[in-house]
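Trainee: Have a look at this one.
The values are calculated or read from the model by the stated rules, or taken from the named source; none is laboratory data. Keep in mind the model is a prediction, meaning the values are calculated, not measured. Here the Cβ is made from the backbone with ideal geometry for all residues, glycine too, and neighbour counts use every protein chain on show. These accessible areas exclude ligands, DNA and RNA; they are computed on the full protein's heavy atoms, side chains included. Shrake-Rupley method; radii C 1.70, N 1.55, O 1.52, S 1.80 Å.
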Amino acid sequence: MPRHIQTTLLDPTPRAPVGFRSLATATHRGSTTLFASAREVRDDWCPERVPYAYGLHGTPTSLELAARVAQLEGAEHCFITPGGQAAIALVYFAFCGAGDHVLVPQSAYGPNNDLARDLLARLGIAVQTYDPMIGAEIATLIRPNTTLIWCESPGSATMEIQDVPAIAEVARAAGVVLALDNTYASGVFFDAYAHGVDVSIQALTKYIGGHSDLLLGSVSTCSDVHYQALGQARSLLGMAVSPDDCSLALRGLQTLWVRLAQLQASTLQVAHWLKARPEVERVLHPALPDCPGHGVWLRDFTGSTSVFSVVFRPTLSGEALLDFIDRLNLFHLGYSWGGVTSLVAPHFNLDRDVRQYGDRLVRFNIGLEHVDDLIADLEHAFFQADNHGDGQ
Ligand SMILES: *Cc1c(COP(=O)(O)O)cnc(C)c1O
């Protein structure tokens, strides 16, 4: 009996002519993914054991993105997560349980510390913050129950460059997992694995997405043991990602190199220009000597990117600084960074014991606008401050 058209319409098998090739990675969607026979039906997150058990564990598009990020970072394995913060959460869930102790730099991405203080504390995981400039002295903070150390270099807002190799040596001797938030260097300008890191995370939202239109994260590792722990936790937490977003991130990867080269050059130019202004006390850019850990940056990094902070002189009040920011036209106000648009945000009275700079710290993210226009915009905002007598 011929099938009803109602049934025929449901057939998902494509019948396109053969020979189609394009330069774009195909977007493969799928929650249900099909097994060939009843004996093969098995739920397993690991693509080496079961290639496609369920969309949660990956489609060809998300697995391709994972493979490309692993290749970029020189890692053996990589997982894609729904965002950078999800990547951070995944690392905690893979390596920590009740009664464990974790060390996090005070300069870590704010929501990392918030997660530790709130949710992880409720689950009985003790999180202690440390001065990011601690280096090998971190040995004095390790307890018998320490299972994880975080590094983030440069730190968020205050931009400290950490001595990751020194911390890695201590972590290895103590059998503690060392995780690095490598978002700033985007897996390009800092080789996590050559410097002793066990697990590297990135907010792909930033440079790899590159256009402020998606949220994704990555967690990579060279260790098979850590790979299994991360894969199990990711599957249990149900950290699904959209193949459409992964396809945008794959496109972002194609221009990552040229975007970073341009961003590096423009950012250095703006940072040096700001450093010469009378209103500016310090420019916290890894390539400038004002930045804590600048010597470590020279030793360990091969480049710099688009985010840096400026500490203004106390002659400009916090209120005058907010007015200065509001006079900028090309620098927009908003969270995140690493896209094509320049951004600015005040980071006043940061919640940390060391180097918090009161109401004088402003973070800039340089985009792909012409650098002369960006400098003209800053100059105009400073000029107005002078004219109105702000900052007296
Ligand atoms: C933005 C950011 C994150 C979080 O990324 P989302 O994708 O926004 O969740 C994590 N770490 C660092 C250093 C970041 O700048």
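Trainee: Kindly provide the set of residues from segment 326-349 that are under 13 Å from GLY110 (Cβ atoms), open to solvent by 30 Å² or more (accessible area, probe 1.4 Å) and within 16 Å of the ligand (Cβ to nearest atom), ordered by number.
Mentor: TYR335, SER336, HIS347 - these are the residues of segment 326-349 that are under 13 Å from GLY110 (Cβ atoms), open to solvent by 30 Å² or more (accessible area, probe 1.4 Å) and within 16 Å of the ligand (Cβ to nearest atom).
Trainee: Filter segment 93-108 down to the residues that are away from the ligand (no atom under 13 Å from the Cβ), within 20 Å of ALA168 (Cβ to Cβ) and not aliphatic (A, V, I, L, M) and list them by number.
Mentor: Residues satisfying the conditions are PHE95, CYS96, ASP100, HIS101, GLN106.
Each row is one residue, and each column tells you yes or no for (1) of a type in the set (Ser, Thr, Tyr); (2) modelled with pLDDT under 95; (3) open to solvent by less than 10 Å² (accessible area, probe 1.4 Å).
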{"site": "THR81", "(1), (2), (3)": "yes, no, yes"}
{"site": "VAL91", "(1), (2), (3)": "no, no, yes"}
{"site": "PRO111", "(1), (2), (3)": "no, no, no"}
{"site": "THR129", "(1), (2), (3)": "yes, no, no"}
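Trainee: Follow-up question, since we're still on this one. Anything in segment 139-171 that is farther than 24 Å from GLY124 by Cα and open to solvent by less than 10 Å² (accessible area, probe 1.4 Å)? List them, or say none.
Mentor: Scanning segment 139-171 gives SER153, PRO154, GLY155, ALA157, THR158, MET159, GLU160, ILE161, GLN162, VAL164, ILE167, ALA168.
Trainee: While we're here: Residues being free of Cβ contacts under 8 Å to residues at least 60 places away in the same chain and either within 16 Å of the ligand (Cβ to nearest atom) or not assigned by TED's automatic domain parsing to the domain that holds ALA86 (or both): count how many of those fall in segment 214-237.
Mentor: 1
Trainee: Further question: Which condition does PRO111 not pass, out of (1) within 14 Å of the ligand (Cβ to nearest atom); (2) in contact with a strand residue (DSSP E or B) (Cβ under 9 Å, 6 or more places away or on another chain), if it passes all the others?
Mentor: (2)
Trainee: Listed residues ALA249, ALA240, ALA179, ALA194; which is in contact (Cβ under 8 Å) with a residue 12 or more places away in the chain, within 16 Å of the ligand (Cβ to nearest atom) and open to solvent by 50 Å² or more (accessible area, probe 1.4 Å)? Break it down into steps so the answer makes sense when it comes.
Mentor: On the way: ALA249 fails: open to solvent by 50 Å² or more (accessible area, probe 1.4 Å); ALA179 fails: open to solvent by 50 Å² or more (accessible area, probe 1.4 Å); ALA194 fails: within 16 Å of the ligand (Cβ to nearest atom).
The match here is ALA240.
Trainee: Within segment 265-276, is there a residue that is surrounded by fewer than 20 Cβ atoms within 10 Å (Cβ to Cβ), among the aromatic types (Phe, Trp, Tyr) and farther than 29 Å from ALA385 by Cβ?
Mentor: Within segment 265-276 (the criterion being surrounded by fewer than 20 Cβ atoms within 10 Å (Cβ to Cβ), among the aromatic types (Phe, Trp, Tyr) and farther than 29 Å from ALA385 by Cβ), the answer is no, since none of the residues qualifies.
Trainee: Going by the conditions given, is SER200 closer than 30 Å to PHE93 by Cβ, part of a helix (DSSP H, G or I), polar (S, T, N, Q) and within 20 Å of the chain's Cα centre (by Cα)?
Mentor: Against the criterion (closer than 30 Å to PHE93 by Cβ, part of a helix (DSSP H, G or I), polar (S, T, N, Q) and within 20 Å of the chain's Cα centre (by Cα)), SER200 does not qualify.
Trainee: Out of the residues in segment 368-385 that are touching a helix residue (DSSP H, G or I) at 6+ places or on another chain (Cβ under 8 Å) and at pLDDT below 95, which is surrounded by the fewest Cβ atoms within 10 Å (Cβ to Cβ)?
Mentor: Across segment 368-385, the extreme among qualifying residues is GLN384.
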